[in-house]
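Input: a single structure, listed below in C-alpha cells.
The values are calculated or read from the model by the stated rules, or taken from the named source; none is laboratory data. Predicted, not measured: the structure shown is a model, and the values here were computed from it. Cβ atoms come from the backbone with ideal geometry, glycine included; neighbour counts cover every protein chain shown. SASA here: full protein model, heavy atoms, side chains in, ligands and nucleic acids out. Shrake-Rupley method; radii C 1.70, N 1.55, O 1.52, S 1.80 Å.
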Amino acid sequence: ADGELVQYHYGLKDLVTILFYIFIAIILHAVVQEYALDKINRRLHLSKVKHSKFNESGQLVAFHLTSMVWCLYVVVTEGYISNPRSLWENYPHVYLPFQVKFFYLCQLAYWLHALPELYFQKVRKEEIPRQLRCIALYLVHIAGAYLLNLTRLGLILLLLQYLAEFFFHMARLVYFTDENNEKLFNVWAVVFVVTRLFTLTLYILVIGFGLPRVENQALDPERGNFLSFLFNNILFRMSVLLLVCLFQASVMWRFIHFQLRRWREYWNEQSSRKRAATGTKQQAKPLKRDSGYHENGVVKAENGTSPRTKKLKSP
C-alpha cells in the first residue's frame, strides 16, 4: 500500500520451496496423464514405442505452452523486451522480483520432478540416456542463470527454447494421430532456425558488448558479481563467443542433416508410391480380344463364320 517494492535473493530455503513444488509437479503430471493422454491413447491404439513417445510429447506440450506464456508475461511486464539494455545494465541482478524468482524455482522443480517420473512412467531403457541428458542440460542452464545472476538473459533464452520445443512436440502429436500430416514439422523447422539465430545474436550482444561495459568489473562474490571481470578480458570473451558459435553451428549441422535425411526418405516414399501406382495401372489394362463380335457368348468372325478352324473329316 505504501508503494514499497519487495525483492528477493536466492538462498538455502529455496531448496525447501523447490521440494514442495516437485510434489506439485508430480501431481499435475499424473492429472494430465490420466485425464487427457490416456483417453487419447485408448482411441488411437498406438504401439508401445509410439505410446511412450506420445506421452512424452503430450506432457512437454502442456509444460512448454504454460512456461512459454508465463515467461512471455514476465519479460513483457518487467520490460526486458522493450529495453534490451536491461539484460546487462546494473549487473549483477542479485535482487529479483517475486514473479522472476518464482518462475525459476518452478522451472527447477519441474525438471527435477522429471527424474522420478522416468520410473513412474516406466520409460524404456533405450530412452533413459537421452532423457537424462536433456534433463541435465536444462537443469545446468537454468540453475546457472539463477545462481550467476543472469536471470534476465536466461528468461529470454528459455522463451526462445520453449517456443521451438513446443512446435516440435506438437508436430509429433499431430504425426501420431495422422502419419500423412507432416506440415507442422515444416513450421517447426522454420521456428527452430529463427530461434537459433536470435539465441546467437543475444549471446553476442550480452557477452560481447553488454557485460564488458558494466561499471563494477571486480570479482565480488558477496555482491554476486561472478562474471563481469572475466568478460572484461578480451581473450576470455572471444573464447566464450567462439565456443557459443561452435555449439550453435553443431546444433544447426545436426538439424540440417536430420532435415535432409527426412526429405530423402519422403521423396523415396513418394517415388515408390508412384512406381506402385504405375504397375497397378499396367496390370489393370484390358486384354486385346480377337476380331469379331460376340453372339450368345461365342466369338463370331466378321463374316459370320466361327473363328475356330474346322476339323476335316476323313473320307
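Per the Kirkwood definition applied to all pairs of different Cα atoms, how many angstroms is the hydrodynamic radius of segment 7-272?
Numbers: mean 1/r = 0.0488 Å⁻¹.
Evaluated on segment 7-272, it is 20.5 Å.
Convert each backbone phi in segment 176-192 into a coupling constant with the Karplus relation 6.51 cos²θ - 1.76 cosθ + 1.60 (shift: θ = phi - 60°), then list the ³J(HN,Hα) values in order as whole Hz, x for Gly and Pro.
5, 7, 8, 5, 8, 9, 10, 5, 5, 5, 5, 5, 4, 4, 5, 5, 4
Distance check, please: which entries in 48/183; 13/48; 39/125; 13/125; 50/274 exceed 32 angstrom between their Cα atoms? Spell out each step's value before the answer.
Working: 48/183 25 Å; 13/48 42 Å; 39/125 25 Å; 13/125 35 Å; 50/274 28 Å.
As for pairs spanning more than 32 Å Cα to Cα, those are 13/48; 13/125.
Run the numbers for residue 132 and residue 35: contour at 0.36 nm per residue of separation, minus the present Cα-Cα distance, in nm. Let's see the in-between values first.
On the way: separation 97, 0.36 × 97 = 34.92 nm, distance 2.61 nm.
Contour length minus Cα-Cα distance gives 32.3 nm.
At a 1.4 Å probe, what is the % contribution of carbon and sulfur to the accessible area of segment 7-272? It would help to have the intermediate numbers written out before the result.
On the way: 10530 of 15520 Å².
The nonpolar share, carbon plus sulfur, comes to 68 percent.
At 1.4 Å probe size, what's the solvent-accessible area of residue 61? Round to the nearest 10 Å².
20
With θ set to phi - 60° and the Karplus curve 6.51 cos²θ - 1.76 cosθ + 1.60, what are the ³J(HN,Hα) couplings of segment 101-107 in order, to the nearest whole Hz, using x for Gly and Pro?
4, 5, 4, 5, 5, 5, 5
What's the percent breakdown of Cα-Cα distances in segment 49-156 across 5 Å bins, shortest bin first?
Reading the bins upward from 0: 2, 10, 20, 22, 16, 12, 9, 6, 3, 1.
Ignoring ligands and nucleic acids, what accessible area does residue 167 show with a 1.4 Å probe (Å², nearest 10)?
The accessible area comes out at roughly 50 Å².
Quick one: what are the phi-derived ³J(HN,Hα) couplings along segment 204-210, Karplus 6.51/-1.76/1.60 with θ = phi - 60°, whole Hz, x for glycine and proline?
3J(HN,Hα) across segment 204-210, in whole Hz: 5, 5, 7, 6, x, 10, x.
Between residue 251 and residue 280, how high is the FRET efficiency from 1/(1 + (r/R0)^6) when r is the Cβ-Cβ distance and R₀ = 41 Å? Nearest 0.05. Mind showing how you got there, number by number?
On the way: r = 44 Å, r/R0 = 1.06.
Approximately 0.40, to the nearest 0.05.
On average, how much accessible surface per residue is there in segment 1-73, in Å², for a 1.4 Å probe, leaving out ligands, DNA and RNA?
Numbers: 5080 Å² over 73 residues.
Here the per-residue accessible area is 70 Å².
Find how many whole Å separate the alpha carbon centroid of segment 25-102 from the alpha carbon centroid of segment 144-188.
Segment 144-188 and segment 25-102 have Cα centres separated by 10 Å.
Is there a quick way to get the dipole size of segment 7-272? I mean about its Cα centre, with the Cβ of Lys and Arg at +1 and of Asp and Glu at -1; what is the value in debye to the nearest 20?
On the way: 25 positive and 18 negative charges, 110 e Å.
For this selection, approximately 520 debye.
Taking H as built 1.01 Å from N, whose amide H comes closer than 5 Å to the amide H of residue 8, not counting residues under 5 places away?
Here the answer is 96, since their amide H atoms fall under 5 Å of that of residue 8.
Sorted by accessible area with a 1.4 angstrom probe, largest first, how do 245, 106 fall? Display every interim value, and only then the final one.
Values: 245 55, 106 25 Å².
Sorted descending by solvent-accessible area, the residues read 245, 106.
For the peptides 29-41, 254-266, what is the packing order when you average, over each peptide's residues, the other Cβ atoms within 10 Å and list the highest mean first?
Values: 29-41: 14.2, 254-266: 11.2.
Ranked from most to least packed, the peptides come out as 29-41, 254-266.
Between residue 124 and residue 271, what's the calculated FRET efficiency when r is the beta-carbon distance and R0 is 35 Å? Round to 0.05. Provide the component values of the computation, followed by the final result.
Numbers: r = 33 Å, r/R0 = 0.95.
Between residue 124 and residue 271 the formula returns 0.55.
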